[in-house]
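Encoded as structure tokens, the structure appears first; notes follow it.
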Amino acid sequence: AYKTQSTSPHLKNGQTQQTTIPGTIPRGYSLLHYGNSEEELRRAGEELINPFSEAPTLNMARGKVVYQNYCLICHGAGGTGDGPVTKRGFPPPASLLAKQARDRSDGQMYHMITYGFKNMPSYASQVDLEDRWHAINYVRELQQQHTEAPQTSRAPEPEGGKQ
């Protein structure tokens with residue numbers, strides 16, 4: 001095996017590291033045929049289907065790890081948009097718990113992670129294709145926890161009714 005930056009006597013140009021052939025796609029990846037516009041965001045929302053929506057809890061631990069590594073920095077631990085970078089001057093993102101975020105489809109969220117949206121940069125080069133879906137499932141779990149009403153127990157009334 002040769003080191004990446006070393007020379008190789010077996011190749012014509014003598015370089016071990018070769019450039020990729022234009023138009024090739026790495027194994028396990030697929031091209032998304034969407035642009036970076038709000039119209040394309042809507043189209044992605046209609047066409048992209050979360051392949052892990054049938055069993056979202058299956059990879060919830062992975063989704064949490066992805067969220068903590070890539071999303072928490074802006075969106076905060078609870079998804080409210082209070083991540084550490086917002087304390088240093090970066091504009092805070094909208095809360096992932098807000099109605100607008102809850103109403104977005106998984107496909108729209110996937111598009112936003114892939115292409116970026118408003119102040120959010122693209123995370124296509126950092127977050128693996130499947131991991132995007134796992135992070136979305138984790139966000140859905142955060143949203144569900146936030147929207148569930150807390151269970152409160154009522155104190156029993158004193159015997160004989162109200163006093």
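This table checks each residue for (1) of a type in the set (D, E); (2) surrounded by fewer than 22 Cβ atoms within 10 Å (Cβ to Cβ); (3) at negative phi.
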{"position": "Y110", "(1), (2), (3)": "no, no, yes"}
{"position": "T114", "(1), (2), (3)": "no, yes, yes"}
{"position": "S125", "(1), (2), (3)": "no, yes, yes"}
{"position": "E130", "(1), (2), (3)": "yes, yes, yes"}
{"position": "E141", "(1), (2), (3)": "yes, yes, yes"}
Every pair of residues 6+ apart whose Cβ atoms lie under 7 Å, when the first sits in the range 3-26 and is without any contact (Cβ under 8 Å) to a residue 12 or more places away in the chain while the second is surrounded by fewer than 10 Cβ atoms within 10 Å (Cβ to Cβ) and part of a loop (DSSP other than H, G, I, E, B): I25/L31
Selection from the range 83-99 of residues that are modelled with pLDDT of 95 or more and among the aliphatic types (A, V, I, L, M): V85, L96, L97, A98
Count of the range 3-17 residues which are surrounded by 10 or more Cβ atoms within 10 Å (Cβ to Cβ) and within 30 Å of L129 (Cβ to Cβ): 3
Checking S95 against (1) part of a loop (DSSP other than H, G, I, E, B); (2) closer than 20 Å to L129 by Cα; (3) not hydrophobic (A, V, I, L, M, F, W, C), the condition it does not meet: (2)
Some residue of the range 30-49 being at pLDDT below 90, under 19 Å from G116 (Cα atoms) and hydroxyl-bearing (S, T, Y): yes
Residue list for the range 66-92, filter: open to solvent by 60 Å² or more (accessible area, probe 1.4 Å) and in a helix (DSSP H, G or I): Q68, N69, Y70, I73, P84, K87, R88
Tabulated pairs, the range 122-148, first at pLDDT 90 or above, second open to solvent by less than 50 Å² (accessible area, probe 1.4 Å) and of a type in the set (G, A, S), C-beta under 6 angstrom, 6+ apart or interchain: S122/G116; H134/G63; A135/G63; N137/G63; Y138/G63; L142/G79
Subset of the range 33-60 (residues that are crowded, with 17+ Cβ neighbours inside 10 Å and in a loop (DSSP other than H, G, I, E, B)): Y34, L48, N50, F52
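Give me the residue from the range 18-32 that is open to solvent by 100 Å² or more (accessible area, probe 1.4 Å) and among the β-branched types (V, I, T) and, out of that set, farthest from S105 (Cα to Cα).
This residue is T19.
The values are calculated or read from the model by the stated rules, or taken from the named source; none is laboratory data. Small disclaimer: the values here were computed from a predicted structure and weren't measured. Here Cβ is always computed from backbone atoms with ideal geometry, including for glycine, and neighbour counts include all displayed protein chains. Each accessible area value is taken on the protein alone, full model and side chains, heavy atoms only, with ligands, DNA and RNA left out. Shrake-Rupley method; radii C 1.70, N 1.55, O 1.52, S 1.80 Å.
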